[in-house]
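Working notes, beginning with the structure itself.
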Amino acid sequence: MRLALFDLDNTLLAGDSDHAWGDWLCERGILDGDLYKARNDAFYQDYLAGRLDIADYLNFTLEILGRTEMALLEAWHGEFMRERIEPIILAKGRALIEHHHAQGDKVVIITATNRFVTGPIARRLGVDTLLATECEMADGRYTGRSTDVPCFQEGKVHRLDRWLAETGHSLDGSYFYSDSRNDLPLLERVSHPVAVDPDPTLRAIAEERGWPVISLR
């Protein structure tokens, strides 16, 4: 079975779900609107520039999970989905997922954003398999820390390689759709790398190497 791998943020969504979650928490007054947003924005600029310190970022963004009861987190996420995620789901992205399903391909979303944020989004998009940065849990709630290898840059390749070994899938004939320079390690591994509304660095590399460049906007 051929694999169709999709990045999530700014690929299937017209925005970044992780950054949007932080903004939503600030807008609701759950987090400090000035202090948190400034740091969140700075981390996002580092991500766009390809210099994000993923450990520092995860310590920052997962802290709220560790001090909030699960029921409340789930209620917040439901509102977040309705208010911030539904409006940025790209119809062309959903159509591309359905195209791969119709071709009999195995569709996988592989994202650096944590599973708490992205799990419901993947389900909304009709994708059963999600590789994401993992949130540590203990005694039925989040600890506020990450666990396992973050699904970011080379970490995406590591996590995918392990999943391939566990499931018996291969990268023969595989596709990977992404907008980001941060995904170059995985784009270089698949049979069919596709740049989707790419950042300037990825666009230049895709054009130099003859990779398809498409828009889902």
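The values are calculated or read from the model by the stated rules, or taken from the named source; none is laboratory data. Just so it is clear, the structure is predicted and the values come from calculations on it, not from any experiment. In this analysis, Cβ positions are derived from the backbone assuming ideal geometry, glycine residues included, and neighbour counts consider all displayed protein chains. SASA here: full protein model, heavy atoms, side chains in, ligands and nucleic acids out. Shrake-Rupley method; radii C 1.70, N 1.55, O 1.52, S 1.80 Å.
Things worth noting here:
- Any chance ARG115 is within 25 Å of LYS156 (Cα to Cα) and either under 17 Å from the mean Cα position of the chain (by Cα) or acidic (Asp, Glu) (or both): yes
- Flag for LEU73 being aliphatic (A, V, I, L, M), part of a strand (DSSP E or B) and open to solvent by less than 70 Å² (accessible area, probe 1.4 Å): no
- Selection count, the stretch 87-118, where residues are closer than 20 Å to ALA132 by Cα and either without any contact (Cβ under 8 Å) to a residue 40 or more places away in the chain or among the aromatic types (Phe, Trp, Tyr) (or both): 2
- Filtered by the rule that a residue be farther than 19 Å from PRO185 by Cα, among the small types (Gly, Ala, Ser) and in a loop (DSSP other than H, G, I, E, B), the stretch 2-52 gives ALA14, GLY15, GLY29, GLY33.
- Positions within the stretch 85-112 being within 15 Å of the chain's Cα centre (by Cα) and of a type outside the set (A, V, I, L, M, F, W, C), in sequence order: GLY93, THR111
The rows are residues; the columns are (1) surrounded by fewer than 17 Cβ atoms within 10 Å (Cβ to Cβ); (2) closer than 27 Å to ALA20 by Cβ.
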site	(1), (2)
HIS101	yes, yes
GLY140	yes, yes
VAL149	yes, yes
GLU154	yes, yes
ASP179	no, yes
LEU184	no, yes
ARG189	yes, no
ALA206	no, yes
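- Some residue of the stretch 53-70 being more than 30 Å from SER215 (Cα to Cα), assigned to a loop (DSSP other than H, G, I, E, B) and either open to solvent by 50 Å² or more (accessible area, probe 1.4 Å) or among the aromatic types (Phe, Trp, Tyr) (or both): yes
- Qualifying residues in the stretch 135-159 (those that are among the small types (Gly, Ala, Ser) and touching a Leu at 6+ places or on another chain (Cβ under 6 Å)) - the one nearest to ASP183 (Cα to Cα): SER146
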